Structures are given as structure tokens and as C-alpha cells.
Amino acid sequence: MPTKISALTALTGANVAISTDLIPIVDTSATQTKNITVQELLANSLAFTPAGSGVTARTFQDKMREIVSVKDFGAVGDNSNTDTTGYQVALDSGHLDLTPLNVIGYKVGVLTVPTTIKSITGQRFYQAAAGANVLSVTSSSRLRVSDCDIYGVAGVASASSNTGIDATDCSNLQINDNYFEDFRYHAVHLKSCDHCVVSGNIGTSNVLGVRLTNSDHIQIVGNQFYAPPTPDSTFTVCIGLDTDGASPIGTCNSVQIANNLFDQWVFAQAILVHNGTDVTVSGNTLDDVLVGIHFSPTSSTDVIKRITITGNSYRGTSTIGAGTSVGNAGILVHGQASSLAEDVAIVGNTVTNANAINQLGNQGGIDVKQIKNVTISGNILAENYFAGIVIAQRANNIAITGNTIRDTVLASQKNGISIGTSGVTPPVTGIISNNTFRNLTFGIRLNNTTAVACTIAGVITTATVTLTDHGFSVGDWVRVSGVTFATAADGFYNGAFQVDTVADADTFTYTMGGSISSAAAPGSPVVKPTYDGLYIENNIFDTVTTNVSDVSSTAVVDGQRNYTAGDKTPQVYKTKRLLVTNASAVVITDLRGGTTGQIIVLQFNDGNTTIADSAPFKLTGAFTSGADDTLTLEFDGTSWCEIARAAN
């Protein structure tokens, strides 16, 4: 017979019941006794019955196994013991939901996330030591890391392998609503990843924020990035896009950077794109930041194409850092001579206090160069240093419309728009219209360009120019002068022309506008860029000392263009009045760029210019200029027909 429980001697000292001890159980239905272990009793004999109707009773063991904690795998979670091994075992077990149980945080080295894990949520990680990333993710798909607090080992110097989440070759990652602090490298680094979202995260005191390398279809949305821990002498970047040159993806494509906050990046670039196509930067707030939104290639293979920058608000920092070599523009988009940035829209942004630290004479609120097909429209540019908009070097087919530019700061350089450089680099072509300029020294400042000696050859209609590192592209305007001729009738080497072809870095061609019988005789020909393709019209100038400076340039200002002496075929596209001055005898043989129905007034300031009554001119008779004389013509699509002439 079994012993009564009341008759059992109490267990004392080392005599403690353990899971393998046997307990006698009486089966009354069969009037027999059997022994089971303590573990079997607790696991299988204690029933759990949920509340409600239609429920099914289960054992407590079955119920408790619904909740898996990393503590079940040996992690402690006290931010004192190193939990790398225990947490890694938990990850490797394949559980999808690792729920914390009253933990301070897991102190870990690098954790490798298996591809079977699809969710890491609500965790708190502490980097065990500098030099190891916290979460390392490779070839994962549809992993979600959310609502986690991830802390690095604080330090003021950038050092690789100190990243919160480091992901390689992943797709459809979601990194949402996490908190990152004190990482010496990136909070998040995505390498060769696609279709990923980084949203709703907060980062503070991280040396770098989010970096994309060779990644495609990425959204960086609604994050908050606060001041890095670096001193003002250490330059850093918050969001960066680039390439390592090794991935088949290469350029970062189809990236959206929207509605993020950047605060107190006083010696840093908030957004830096070295290599990107189809990138949209919209609705971001950049407050107390050195360089705001910066697109600039760093290698010859980098590409900047199809860029939209819209609805952002930038306020430049007034905190003095170190190193004036770093730019200070609010929005900067640069290409390179071998690969122009192209198809760029900068629309509806507000930029203030840009260039306040370095006060460079070639930057301002918006800075573009080596670029084509660009729209700068509807922006508010106020109280920036040197200029509201700077367009240096080549900028082809640019439209600057509907902007408000006011109160530029810098005593000697209060420019609204500053265009061109003092060198040979080609200036801009395009239109500047319907902008408002207020409280400035110069509304639009056209900087002179330098003529450079060259060699010119060619007969019939095409001239070939040899000029070392000429820097011109097809469509650029150049002015050629100083060429001597074998016969007096051969004048088509001189004038303003568009580049037709670029054979190499040292050679380009242009169409001369007529045929000649001999090549250029030895002389001192020179080439300089022109503003022949730039049109300035319908702008408002309020309290501006000089509306458009360098009015002797060939840009068209409200329909008026300055003629270049000696030009036998002057450009007149979109020109209503051409101001002509020749110091010696010149015969004008054609007007280039006319459009059907165009009416133009030629206004002369000399007695040396003649126009024959022969094609393409239809005149009442040959015309010879006198000082202050005018000749009014209309273009019918083929010929320039005289409307009137006046001897004044």
C-alpha cells in the first residue's frame, strides 16, 4: 500500500525534490499505484482552461511555450553580463518573436541575424565594445526591426564596424520606429539592398546617420536626426548615398528622402549624394546645419541624374566649425566635366543663412554647376551670404523662374543671382524670368569670361578648333575673334557659334554660318564662352542698385542684346533690339536664330556697318549705318524684310 502523505518525513538539507524524483500516484479507477516524475506532473497534469465558451483546455507547459524569451537561451539582459552567445542562440533557434521579460538591455557584440528571422521588435541592445556592429543582416528578405533601442559605445571619432544595423544584399527590410544613440559610424548602413524602408527612427549623438551603398528603391522617411557627438573640427554626414564600385547595382537608384528632421549638424552635410539617379528629396527640415542638400560626384564613374529637390526648409548654422575648404550652400548640385548632372528640379524650397560660416565668393543659397536641363523655380532665398543662386561653370538649358531672392548678406557681394566665372569655363544657357529681387546690390551678376588662344582650321562651312582642355560640350556657345582671312569676303570664322561636335578634350567644331574659300591665315585667334544662349526677362527689381551687371555681355535682357564687334552673322534668337557698334568696316550678311514673325530693331552707334539688299535681306535699298540710326526688320521664315529705317 502507498504511504500516506501525512506519514512522509519532511525533506531537509540536500533532500530537495528535483524534476526526476518520482511521486506515487493512485489510480482509483483501476485501484493501482504508479510513479511519475515531478517534471511530468507539472508539465502534463496541471491543466490550463482559458475563459470563454468553446475553448479547449491545454497543459500549462503548452500554454507557457507560446512566449519565448531570449532569457530561455541564457541571455541575462542586465547590461552587465555580455549576452552575445545567449542572444545569438535565440536568433539561431528560428523563433520569429523574441519578447523581452523585464530587462535593462542586452549587452552584445555583433549579432548575426539568420534569414529565418522575420521580426525583431521591442528589444534594447547595448554595444558591448567599440569595433563590432550590433545587428548584422545578410541576404535577408522581409525582416522588420522595430521599436528597438540600440545604443553604441560613445566616441567622437568616426570608426568603421560601429554600426547599429548593418545590412548587405537584403530586400524588403523595414527599419521602423527605433532609437539609435552614440554610434561611432552609422546608425543604419544598407549595402546592395533593394525595396527597403527606414522610417520613424530617432538618432542622436551618432557620428553618421543612414548610409546607402549601391542600393535601389529605398525610402528614408520621417526620421529625426540630432547633433552628432563630433567636435566642430570633425566633418561628418547624416544621410549619404554612394557606391563602392563593386556591386552590379552601382548607382543608388530610386531613393526617396522625405519629411526628415536634421538638427544641429553644424559641421556636417545633412544629405550627401555622390552617386544617384531618380532621387527625390522633399519636405525635409534642416535646422542649424552647415551644408544642407548636396549632390556631388566623387569619382569619374559617379552619376547625378533625374533629381527632384522640393519643399525643403534649410536654415544654415551660425556656429563656427573648422576648415573653410568645406562648402556652405543650402542646396548644391554639381556634375563633372565628363558627366554633367542632368534633369534636375529645385522647386519650392526655403533657404536662409546659407554660406554664413565660410562666406565663400562662389556659393550661396543654391549652387549649381556642370549641369544641364535644370529648373530652379518657386524658391524663397533670404539672408544668404554672397548670393541667393550661384551658377558657376557650365549650366546648359537652365530655367530660373518665379523665385524670390532678397536681403543677401555680405557688404561687397549682395548678389541675387551670380552667373559664370572669370575663367574660360562655359557659362549658362537658358532663361531667367519672373523672379523678384529685393534689397540687393546686384540683381543678376554676369561675370566676365576670359578669351583663350586657340588654333582654327577648316573651309566651306565647318571650323575645327584646337584648344587644350577646352571644357566645351555640344550646344555650348562660343565667341571666336582675331582670325585673319585670305580674302576680305571670308568672315565666318569670327562671331558667336554653338559647338557642333566634341572630338576629344582638346578639339571641337562649329558651323560657320556660311562658306569660305580658304582656311584661316596665321594670326591670333581666341575663343571665349558667351552668354548668347541666356535670356533674362520680366523680372522685378525692388531696391536693387544694379539690376543686371555686365550689360556689355551678349545675354538678352528684356529683349535687348549687345552685338559683338566684327560679327557678320550675329545671333538674334529671342532678340527685339540689337545694339550694334563696329570700329571698322563690317558687312552684316545674315542674322542667325530668327523665328517666323520676329520683329527686330537694329540700333547703330557707328558709321561703319553696311547691309546689302540681297538674300537673306529684302530692303528698300542698301543700308549704311550712322550714329543712332535704326533699321527695323521682320523675319518671314526665309528673309529679313525691311519695315522701316530712321536716320537719327
Open item on the list: Name the single residue that is modelled with the highest pLDDT among those in segment 178-213 being under 20 Å from the mean Cα position of the chain (by Cα) and on the phi > 0 side of the Ramachandran plot.
Closed with: His195
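Results for (1) closer than 18 Å to Asn253 by Cα; (2) free of Cβ contacts under 8 Å to residues at least 40 places away in the same chain; (3) aliphatic (A, V, I, L, M), shown as yes or no for each residue.
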| residue | (1), (2), (3) |
| --- | --- |
| Asp177 | no, yes, no |
| His195 | yes, yes, no |
| Gly203 | no, yes, no |
| Gly209 | no, yes, no |
| Leu212 | yes, no, yes |
| Asp216 | yes, yes, no |
Open item on the list: Just to check your reading of the model, which residue among Val474, Val478, Val465, Val499 is in a loop (DSSP other than H, G, I, E, B) and either at pLDDT 80 or above or of a type in the set (Ser, Thr, Tyr) (or both)?
Closed with: Val474
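Does Asp628 qualify as being open to solvent by 20 Å² or more (accessible area, probe 1.4 Å) and modelled with pLDDT under 95?
On the way: open to solvent by 20 Å² or more (accessible area, probe 1.4 Å): yes; modelled with pLDDT under 95: yes.
The answer is yes for Asp628.
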Open item on the list: I'd like the full set of residues that are under 18 Å from Leu241 (Cβ atoms) and either open to solvent by less than 30 Å² (accessible area, probe 1.4 Å) or part of a loop (DSSP other than H, G, I, E, B) (or both), limited to segment 181-198.
Closed with: Tyr185, His186, Ala187, Val188, His189, Leu190, Ser192, Cys193, Cys196, Val198
Open item on the list: All but one of (1) in contact with a Leu (Cβ under 7 Å, 6 or more places away or on another chain); (2) modelled with pLDDT under 95 hold for Ile104; state the number of the condition that does not hold.
Closed with: (1)
TODO: Kindly indicate whether any position in segment 609-622 is open to solvent by 20 Å² or more (accessible area, probe 1.4 Å), charged (D, E, K, R) and within 26 Å of Glu537 (Cβ to Cβ).
DONE: no
Task: Matching residues in segment 399-415 - criterion: being modelled with pLDDT of 95 or more and closer than 29 Å to Ser473 by Cα - done: Ala399, Ile400, Thr401, Gly402, Asn403
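Take the residues of segment 558-572 that are within 14 Å of Thr530 (Cα to Cα) and at pLDDT 85 or above: which is surrounded by the most Cβ atoms within 10 Å (Cβ to Cβ)?
Filtering segment 558-572 down to residues within 14 Å of Thr530 (Cα to Cα) leaves 561-565, 567, 570-572.
Among the residues that remain, those that are also at pLDDT 85 or above are: 561-563, 570-572.
On the way: Arg561: 25, Asn562: 20, Tyr563: 24, Pro570: 24, Gln571: 27, Val572: 25.
Looking at residues that are within 14 Å of Thr530 (Cα to Cα) and at pLDDT 85 or above, I get Gln571.
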Open item on the list: Please go through segment 631-645 and give me each residue that is farther than 19 Å from Tyr573 by Cβ and either charged (D, E, K, R) or open to solvent by less than 30 Å² (accessible area, probe 1.4 Å) (or both), ordered by number.
Closed with: Glu642, Arg645
TODO: Answer with yes or no whether Ala395 is modelled with pLDDT under 95, of a type in the set (Gly, Ala, Ser) and assigned to a strand (DSSP E or B).
DONE: yes
- [ ] Could you list, in sequence order, all residues of segment 79-94 that are out of contact with any Lys or Arg (no Cβ under 8 Å at 6 or more places or on another chain) and open to solvent by 50 Å² or more (accessible area, probe 1.4 Å)?
- [x] Thr85, Val89, Asp92, Ser93
Open item on the list: Out of everything in segment 324-360 that is crowded, with 19+ Cβ neighbours inside 10 Å and farther than 21 Å from Val428 by Cβ, what residue ends up being modelled with the highest pLDDT?
Closed with: Asn353
Task: Matching residues in segment 532-551 - criterion: being surrounded by 17 or more Cβ atoms within 10 Å (Cβ to Cβ) and either at pLDDT below 85 or touching a strand residue (DSSP E or B) at 6+ places or on another chain (Cβ under 6 Å) (or both) - done: Asp532, Gly533, Leu534, Tyr535, Ile536, Phe541, Val544, Asn547, Val548, Ser549, Asp550
- [ ] Tell me which of these Ile175 doesn't satisfy, since it passes every other one: (1) more than 23 Å from the chain's Cα centre (by Cα); (2) more than 24 Å from Phe267 (Cβ to Cβ); (3) surrounded by 17 or more Cβ atoms within 10 Å (Cβ to Cβ).
- [x] (1)
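When you scan segment 25-41, do you find a residue that is touching a Phe, Trp or Tyr at 6+ places or on another chain (Cβ under 9 Å) and either open to solvent by less than 70 Å² (accessible area, probe 1.4 Å) or modelled with pLDDT of 80 or more (or both), even just one? Step through it out loud before you land on a result.
We begin by selecting, within segment 25-41, every residue touching a Phe, Trp or Tyr at 6+ places or on another chain (Cβ under 9 Å); these are none.
Checked against the condition, which is being touching a Phe, Trp or Tyr at 6+ places or on another chain (Cβ under 9 Å) and either open to solvent by less than 70 Å² (accessible area, probe 1.4 Å) or modelled with pLDDT of 80 or more (or both), segment 25-41 yields no hits at all.
Quick one: which of Ala486, Ala520 is crowded, with 17+ Cβ neighbours inside 10 Å, modelled with pLDDT under 80 and over 22 Å from Leu591 (Cα atoms)?
Numbers: Ala486 fails: crowded, with 17+ Cβ neighbours inside 10 Å.
Checking each option against the conditions leaves just Ala520.
Does segment 131-154 hold any residues that are assigned to a loop (DSSP other than H, G, I, E, B) and buried (at least 17 other Cβ atoms within 10 Å of the Cβ), and which are they? Steps first, answer last, please.
So in segment 131-154, the residues assigned to a loop (DSSP other than H, G, I, E, B) come out as 131-134, 139-140, 142-143, 147-148, 152-154.
The answer is Ala132, Asn133, Val134, Ser140, Leu143, Cys148, Gly152.
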TODO: Give segment 106-146 a look and list any residue that's more than 25 Å from Arg184 (Cβ to Cβ) and under 30 Å from the mean Cα position of the chain (by Cα), or say none.
DONE: Ser139, Ser141, Arg142, Arg144
Open item on the list: Which pairs turn up if I take residues in segment 256-275 that are on the phi > 0 side of the Ramachandran plot and assigned to a strand (DSSP E or B) and look for partners that are open to solvent by 20 Å² or more (accessible area, probe 1.4 Å) and among the aliphatic types (A, V, I, L, M) with beta carbon separation below 7 Å, at least 6 apart in sequence or on another chain?
Closed with: Gln264/Ala227
Task: Subset of segment 582-605 [surrounded by fewer than 17 Cβ atoms within 10 Å (Cβ to Cβ) and part of a loop (DSSP other than H, G, I, E, B)] - done: Ala583, Ser584, Ala585, Thr595, Thr596, Gly597, Asn605
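The values are calculated or read from the model by the stated rules, or taken from the named source; none is laboratory data. All values derive from a computational prediction rather than experimental measurement. When we count neighbours, we look across all protein chains shown, and the Cβ atoms used for this are built from the backbone with ideal geometry, even at glycine. Areas reflect the complete protein model, heavy atoms only, side chains present, ligands, DNA and RNA absent. Shrake-Rupley method; radii C 1.70, N 1.55, O 1.52, S 1.80 Å.
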